[in-house]
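Written out below as structure tokens is the structure these notes cover.
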Amino acid sequence: MSDIFAPIVTKLVSLGFFNLLTFILAMALVYALLKQRKIFGDNVLINSTIAFSIAFFIFAYPIITGISLVVPITTFFSQAFVFILVLFIGFLAASILYPDFPTILGKFFQSRNVLFSMIALSLALFVTSGLVTVIYSSTPLSDQTGGRPSPSRETTLLIAGLIIAVIVLLIAGSIRSGGE
């Protein structure tokens with residue numbers, strides 16, 4: 001039996017629809033972070049302008065470098081969805097066995113070890129989905145990359161610095177809130 005959605009998805013990929021979804025996802029995530037952290041205050045216009053600008057840079061990155069983000073991002077979210085689905089099934093099974101499961105779960109997620117394990121899981125998903133190859137490719141303009149240029153060393157260092165900064169902010173936030 002043939003898949004009725006395959007031609008639709010193929011047409012959407014050829015039209016660049018998933019690149020638009022990447023733009024919208026990036027804008028929503030950056031706006032939510034700016035609004036929650038209040039780095040620029042509560043001004044909606046400033047937060048949305050900065051979120052739009054950052055999302056536009058992310059949208060332009062694949063076009064400038066010749067690297068597609070569709071497959072790695074799709075793989076990343078598919079793997080994350082499967083992991084979250086397994087967690088939900090595990091939580092459902094545990095709620096049957098433990099009568100006061102929400103309080104046990106609340107205490108469990110206040111632990112700093114859970115934060116570190118979630119960071120490790122995110123990095124593992126980042127590597128296994130292929131997103132790390134978008135940031136770093138060892139041989140520029142080779143047959144391995146299909147003749148596409150690889151990101152420069154400065155880009156790699158900038159993105160690695162941003163990832164480290166986010167991890168440090170997460171750890172500092174968990175320490176300040178008293179998560180042990």
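The values are calculated or read from the model by the stated rules, or taken from the named source; none is laboratory data. Treat the numbers as computed from the prediction; the structure is a model and nothing was measured. A quick note on method: Cβ atoms are made from the backbone with ideal geometry, for glycine too, and the neighbour counts reach across all protein chains shown.
General remarks:
- Qualifying residue in the range 94-103 (condition: outside the structural domain of Ser14 (by TED's automatic domain parsing), part of a helix (DSSP H, G or I) and touching a residue at least 24 places away in the same chain (Cβ under 8 Å)): no
- Qualifying residue in the range 11-27 (condition: within 24 Å of Phe126 (Cβ to Cβ) and of a type in the set (Ser, Thr, Tyr)): yes
- Within the range 1-26, considering residues that are of a type in the set (A, V, I, L, M) and within 15 Å of Ile73 (Cα to Cα), the one surrounded by the most Cβ atoms within 10 Å (Cβ to Cβ): Ala26
Okay, residues lined up against (1) at pLDDT 85 or above; (2) closer than 21 Å to Val166 by Cβ; (3) surrounded by 12 or more Cβ atoms within 10 Å (Cβ to Cβ):
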{"residue": "Leu29", "(1), (2), (3)": "yes, yes, yes"}
{"residue": "Lys38", "(1), (2), (3)": "yes, yes, no"}
{"residue": "Asn47", "(1), (2), (3)": "yes, yes, yes"}
{"residue": "Phe52", "(1), (2), (3)": "yes, yes, yes"}
{"residue": "Phe56", "(1), (2), (3)": "yes, yes, yes"}
{"residue": "Ile64", "(1), (2), (3)": "no, no, no"}
{"residue": "Ala80", "(1), (2), (3)": "yes, yes, yes"}
{"residue": "Leu87", "(1), (2), (3)": "yes, no, no"}
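- Among (1) within 23 Å of Val166 (Cα to Cα); (2) touching a residue at least 12 places away in the same chain (Cβ under 8 Å) - the single one Asn19 does not satisfy: (1)
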